[in-house]
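The values are calculated or read from the model by the stated rules, or taken from the named source; none is laboratory data. What you are looking at is a predicted structure, and each value in this text was computed from that prediction instead of being measured. All Cβ positions, glycine included, derive from the backbone under ideal geometry; neighbour counts span all protein chains shown.
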Amino acid sequence: MKNPKHILITGASSGIGQALAYFYAQNGVSLYLTGRNAERLEAVREACSEKGANVSVRCVDVADQQAMAQWIAILPQLDLIIANAGISGGTGGHEMGEPIAQARSIFEVNITGVLNTIEPALQKMQALDKPAGQIAVVSSLAGFRGYPSAPAYSASKGAVRFYGEAMRGAYAKTGIDFNVICPGFVTSRITDANDFPMPLKMEASKAAEIIAKGLAKNKGRIVFPWPMHFMAWFIGILPDGLAQKILANAPAKMAIVKEN
(Lines give C-alpha, C1' and ligand atoms only; values in the text may rest on other atoms or scores of the structure.)
Protein backbone atom coordinates (compact mmCIF):
# COMPACT_ATOMS: atom_id res chain seq x y z
CA MET A 1 0.00 0.00 0.00
CA LYS A 2 1.33 3.41 -0.97
CA ASN A 3 1.26 6.17 1.64
CA PRO A 4 -0.63 4.42 4.48
CA LYS A 5 -2.00 6.91 7.01
CA HIS A 6 -3.04 4.69 9.92
CA ILE A 7 -0.30 2.22 10.86
CA LEU A 8 -0.02 -0.26 13.72
CA ILE A 9 3.40 -1.70 14.55
CA THR A 10 4.09 -4.27 17.26
CA GLY A 11 7.52 -4.61 18.81
CA ALA A 12 8.07 -0.92 18.12
CA SER A 13 10.33 -0.18 21.08
CA SER A 14 13.51 -1.46 19.39
CA GLY A 15 15.08 -2.91 16.27
CA ILE A 16 13.11 -3.15 13.05
CA GLY A 17 9.85 -2.06 14.68
CA GLN A 18 11.41 1.11 16.00
CA ALA A 19 13.08 1.85 12.66
CA LEU A 20 9.79 1.36 10.81
CA ALA A 21 8.04 3.74 13.20
CA TYR A 22 10.72 6.36 12.47
CA PHE A 23 10.44 5.73 8.73
CA TYR A 24 6.67 6.23 8.58
CA ALA A 25 6.52 9.12 11.06
CA GLN A 26 5.49 12.32 9.29
CA ASN A 27 2.70 14.88 9.14
CA GLY A 28 -0.69 13.33 8.41
CA VAL A 29 0.28 9.86 9.64
CA SER A 30 -1.15 8.20 12.75
CA LEU A 31 1.04 5.57 14.38
CA TYR A 32 -0.21 3.00 16.88
CA LEU A 33 2.80 1.43 18.56
CA THR A 34 3.13 -1.34 21.08
CA GLY A 35 5.98 -2.94 22.97
CA ARG A 36 6.76 -4.34 26.42
CA ASN A 37 9.31 -1.77 27.55
CA ALA A 38 7.46 1.39 28.54
CA GLU A 39 10.56 3.59 28.75
CA ARG A 40 11.87 2.73 25.29
CA LEU A 41 8.38 2.90 23.83
CA GLU A 42 7.87 6.40 25.20
CA ALA A 43 11.19 7.48 23.66
CA VAL A 44 10.02 6.20 20.28
CA ARG A 45 6.73 8.04 20.70
CA GLU A 46 8.50 11.31 21.41
CA ALA A 47 10.84 10.93 18.43
CA CYS A 48 7.98 10.12 16.05
CA SER A 49 5.88 12.99 17.39
CA GLU A 50 8.75 15.40 16.74
CA LYS A 51 8.66 14.30 13.09
CA GLY A 52 5.01 15.35 12.90
CA ALA A 53 3.18 12.05 13.35
CA ASN A 54 0.18 11.55 15.60
CA VAL A 55 1.39 8.77 17.89
CA SER A 56 -0.47 6.53 20.32
CA VAL A 57 1.42 3.90 22.33
CA ARG A 58 0.34 0.98 24.48
CA CYS A 59 2.64 -1.16 26.61
CA VAL A 60 1.18 -4.61 26.07
CA ASP A 61 2.42 -8.15 25.52
CA VAL A 62 1.35 -9.51 22.12
CA ALA A 63 0.95 -12.92 23.76
CA ASP A 64 -1.97 -11.50 25.77
CA GLN A 65 -4.89 -12.14 23.43
CA GLN A 66 -7.48 -10.22 25.44
CA ALA A 67 -5.28 -7.16 25.92
CA MET A 68 -4.40 -7.01 22.24
CA ALA A 69 -8.03 -7.42 21.17
CA GLN A 70 -9.20 -4.70 23.54
CA TRP A 71 -6.53 -2.26 22.38
CA ILE A 72 -7.00 -2.79 18.66
CA ALA A 73 -10.80 -2.64 19.01
CA ILE A 74 -10.68 0.99 20.19
CA LEU A 75 -8.39 2.15 17.39
CA PRO A 76 -9.77 3.81 14.25
CA GLN A 77 -9.65 1.99 10.95
CA LEU A 78 -6.13 0.76 10.15
CA ASP A 79 -4.46 0.87 6.74
CA LEU A 80 -1.33 -1.11 7.57
CA ILE A 81 -0.52 -3.65 10.29
CA ILE A 82 3.06 -4.80 10.83
CA ALA A 83 3.16 -7.80 13.18
CA ASN A 84 6.81 -7.48 14.10
CA ALA A 85 7.11 -8.35 17.81
CA GLY A 86 9.28 -11.35 18.48
CA ILE A 87 11.85 -12.95 20.74
CA SER A 88 14.82 -15.14 19.94
CA GLY A 89 16.58 -17.99 21.66
CA GLY A 90 18.77 -20.95 20.87
CA THR A 91 20.78 -23.78 22.33
CA GLY A 92 23.71 -21.68 23.53
CA GLY A 93 24.52 -22.51 27.15
CA HIS A 94 22.42 -25.69 27.14
CA GLU A 95 24.19 -29.05 27.04
CA MET A 96 21.04 -30.98 26.14
CA GLY A 97 19.64 -28.85 23.35
CA GLU A 98 16.85 -26.32 23.74
CA PRO A 99 14.60 -26.56 26.80
CA ILE A 100 10.94 -27.10 25.97
CA ALA A 101 9.99 -24.24 28.30
CA GLN A 102 12.06 -21.87 26.16
CA ALA A 103 10.43 -23.21 22.99
CA ARG A 104 6.99 -22.58 24.47
CA SER A 105 7.89 -18.98 25.29
CA ILE A 106 9.20 -18.36 21.78
CA PHE A 107 6.15 -19.92 20.13
CA GLU A 108 3.80 -17.94 22.37
CA VAL A 109 5.26 -14.61 21.27
CA ASN A 110 6.39 -15.33 17.72
CA ILE A 111 3.38 -17.34 16.55
CA THR A 112 0.48 -16.73 18.94
CA GLY A 113 1.46 -13.06 19.20
CA VAL A 114 1.12 -12.72 15.43
CA LEU A 115 -2.34 -14.30 15.53
CA ASN A 116 -3.35 -12.04 18.42
CA THR A 117 -2.40 -9.05 16.27
CA ILE A 118 -3.94 -10.24 13.03
CA GLU A 119 -7.32 -11.44 14.32
CA PRO A 120 -8.73 -8.12 15.65
CA ALA A 121 -7.14 -6.21 12.77
CA LEU A 122 -8.80 -8.46 10.23
CA GLN A 123 -12.14 -7.98 11.94
CA LYS A 124 -11.84 -4.20 11.53
CA MET A 125 -10.78 -4.47 7.88
CA GLN A 126 -13.53 -6.96 7.01
CA ALA A 127 -16.19 -4.81 8.69
CA LEU A 128 -15.72 -1.99 6.17
CA ASP A 129 -18.32 -1.53 3.44
CA LYS A 130 -15.48 -2.31 1.07
CA PRO A 131 -12.95 -4.51 2.94
CA ALA A 132 -9.41 -3.17 2.57
CA GLY A 133 -6.07 -3.08 4.33
CA GLN A 134 -2.58 -4.51 4.42
CA ILE A 135 -1.17 -6.94 6.97
CA ALA A 136 2.56 -7.66 7.07
CA VAL A 137 4.07 -10.39 9.24
CA VAL A 138 7.76 -10.46 10.11
CA SER A 139 9.41 -13.82 9.58
CA SER A 140 13.15 -14.31 9.04
CA LEU A 141 15.65 -16.00 6.76
CA ALA A 142 15.88 -18.46 9.64
CA GLY A 143 12.38 -19.54 8.63
CA PHE A 144 13.59 -21.29 5.48
CA ARG A 145 15.00 -24.28 7.37
CA GLY A 146 14.96 -25.78 10.86
CA TYR A 147 18.26 -24.73 12.42
CA PRO A 148 19.70 -26.95 15.19
CA SER A 149 21.30 -23.87 16.75
CA ALA A 150 17.87 -22.23 17.24
CA PRO A 151 15.12 -24.85 16.94
CA ALA A 152 12.11 -22.92 18.24
CA TYR A 153 13.12 -19.60 16.69
CA SER A 154 13.56 -21.05 13.20
CA ALA A 155 10.38 -23.11 13.59
CA SER A 156 8.36 -20.10 14.73
CA LYS A 157 9.61 -17.94 11.88
CA GLY A 158 8.93 -20.74 9.40
CA ALA A 159 5.37 -21.00 10.69
CA VAL A 160 4.88 -17.25 10.33
CA ARG A 161 6.26 -17.33 6.79
CA PHE A 162 4.03 -20.17 5.64
CA TYR A 163 0.99 -18.68 7.34
CA GLY A 164 1.52 -15.26 5.79
CA GLU A 165 2.08 -16.69 2.33
CA ALA A 166 -1.03 -18.86 2.62
CA MET A 167 -3.14 -15.97 3.91
CA ARG A 168 -2.02 -13.83 0.97
CA GLY A 169 -3.52 -16.41 -1.37
CA ALA A 170 -6.60 -16.99 0.77
CA TYR A 171 -7.43 -13.25 0.88
CA ALA A 172 -6.30 -12.42 -2.65
CA LYS A 173 -9.79 -11.45 -3.82
CA THR A 174 -10.98 -9.69 -0.68
CA GLY A 175 -9.16 -6.35 -0.87
CA ILE A 176 -6.96 -7.27 2.10
CA ASP A 177 -3.30 -7.87 1.27
CA PHE A 178 -0.83 -10.00 3.22
CA ASN A 179 2.93 -9.60 3.00
CA VAL A 180 5.76 -11.65 4.51
CA ILE A 181 9.00 -9.98 5.60
CA CYS A 182 12.12 -12.17 5.84
CA PRO A 183 15.18 -10.19 6.94
CA GLY A 184 18.67 -11.49 7.49
CA PHE A 185 20.82 -10.11 10.30
CA VAL A 186 19.61 -6.65 11.32
CA THR A 187 20.96 -4.51 14.16
CA SER A 188 18.64 -5.06 17.13
CA ARG A 189 18.59 -6.27 20.71
CA ILE A 190 18.39 -9.80 19.31
CA THR A 191 21.53 -9.54 17.20
CA ASP A 192 23.32 -7.53 19.89
CA ALA A 193 23.21 -10.69 22.01
CA ASN A 194 24.88 -12.83 19.33
CA ASP A 195 28.60 -13.42 19.81
CA PHE A 196 29.25 -14.97 16.40
CA PRO A 197 29.87 -13.51 12.93
CA MET A 198 26.72 -12.22 11.21
CA PRO A 199 27.35 -11.90 7.46
CA LEU A 200 25.92 -8.81 5.74
CA LYS A 201 24.46 -7.48 8.98
CA MET A 202 22.34 -4.43 8.18
CA GLU A 203 21.41 -1.32 10.12
CA ALA A 204 17.75 -1.25 11.17
CA SER A 205 17.14 2.01 9.32
CA LYS A 206 18.22 0.45 6.03
CA ALA A 207 16.08 -2.62 6.69
CA ALA A 208 13.06 -0.38 7.37
CA GLU A 209 13.57 1.39 4.06
CA ILE A 210 13.69 -1.91 2.16
CA ILE A 211 10.59 -3.18 3.96
CA ALA A 212 8.59 0.00 3.40
CA LYS A 213 9.43 0.03 -0.32
CA GLY A 214 8.40 -3.61 -0.62
CA LEU A 215 5.11 -2.96 1.17
CA ALA A 216 4.40 0.03 -1.07
CA LYS A 217 4.78 -2.30 -4.06
CA ASN A 218 2.68 -4.96 -2.29
CA LYS A 219 5.37 -7.61 -2.70
CA GLY A 220 4.23 -10.93 -1.34
CA ARG A 221 7.63 -11.80 0.08
CA ILE A 222 10.15 -9.14 1.09
CA VAL A 223 13.49 -10.91 1.57
CA PHE A 224 16.91 -9.39 2.08
CA PRO A 225 19.85 -9.28 1.65
CA TRP A 226 19.79 -11.38 -1.50
CA PRO A 227 23.06 -13.33 -0.93
CA MET A 228 21.75 -14.52 2.43
CA HIS A 229 18.39 -15.27 0.84
CA PHE A 230 20.13 -17.50 -1.69
CA MET A 231 22.04 -19.33 1.03
CA ALA A 232 18.90 -19.85 3.14
CA TRP A 233 17.00 -21.11 0.11
CA PHE A 234 19.86 -23.40 -0.96
CA ILE A 235 20.26 -25.02 2.46
CA GLY A 236 16.50 -25.46 2.56
CA ILE A 237 16.44 -27.54 -0.63
CA LEU A 238 19.42 -29.74 0.22
CA PRO A 239 18.86 -33.36 1.29
CA ASP A 240 18.38 -33.42 5.04
CA GLY A 241 21.50 -35.43 5.77
CA LEU A 242 23.72 -33.01 3.89
CA ALA A 243 22.04 -29.98 5.40
CA GLN A 244 22.47 -31.42 8.90
CA LYS A 245 26.20 -31.88 8.31
CA ILE A 246 26.59 -28.31 7.08
CA LEU A 247 24.65 -26.89 10.02
CA ALA A 248 26.22 -29.12 12.67
CA ASN A 249 28.94 -26.59 13.43
CA ALA A 250 26.78 -23.49 13.17
CA PRO A 251 27.16 -21.19 16.21
CA ALA A 252 24.27 -21.42 18.63
CA LYS A 253 22.10 -18.51 19.66
CA MET A 254 22.07 -17.82 23.36
CA ALA A 255 18.96 -18.42 25.43
CA ILE A 256 15.88 -16.20 25.13
CA VAL A 257 16.51 -12.61 24.21
CA LYS A 258 13.64 -10.15 24.80
CA GLU A 259 13.13 -8.03 21.72
CA ASN A 260 10.36 -5.58 22.58
Output for Cβ contacts, cut-off 9 Å, separation at least six or different chains, first residue free of Cβ contacts under 8 Å to residues at least 24 places away in the same chain in segment 120-142, second of a type outside the set (A, V, I, L, M) and surrounded by fewer than 18 Cβ atoms within 10 Å (Cβ to Cβ), reads A127/Q77
I'd like to know if segment 80-103 contains one or more residues that are surrounded by fewer than 16 Cβ atoms within 10 Å (Cβ to Cβ) and of a type in the set (S, T, N, Q).
no
The number of residues in segment 87-123 that are of a type in the set (D, E, K, R) and more than 22 Å from G17 (Cα to Cα) is 3
Counting only helices (runs of 4 or more DSSP H) wholly inside segment 187-260, the ones holding at least 3 residues that are under 16 Å from the mean Cα position of the chain (by Cα) and modelled with pLDDT under 90 are 189-192
Counted residues in segment 25-41 being assigned to a helix (DSSP H, G or I) and closer than 14 Å to I9 by Cα come to 1
Residue hits (segment 44-71; within 19 Å of N84 (Cα to Cα), part of a strand (DSSP E or B) and of a type outside the set (D, E, K, R)) are V55, S56, V57, C59
> Quick check: anything in segment 158-177 under 23 Å from E209 (Cβ atoms), without any contact (Cβ under 8 Å) to a residue 60 or more places away in the chain and in a strand (DSSP E or B)?
Replying inline: no
Out of (1) in contact with a strand residue (DSSP E or B) (Cβ under 7 Å, 6 or more places away or on another chain); (2) of a type in the set (A, V, I, L, M); (3) farther than 20 Å from I135 by Cα, the one L33 does not meet is (3)
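Select from segment 5-38 the residues that are over 22 Å from S140 (Cα atoms) and at pLDDT below 95 and write down the one among them that is surrounded by the fewest Cβ atoms within 10 Å (Cβ to Cβ).
A38
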In segment 4-24, residues that are part of a helix (DSSP H, G or I) and aliphatic (A, V, I, L, M) total 4
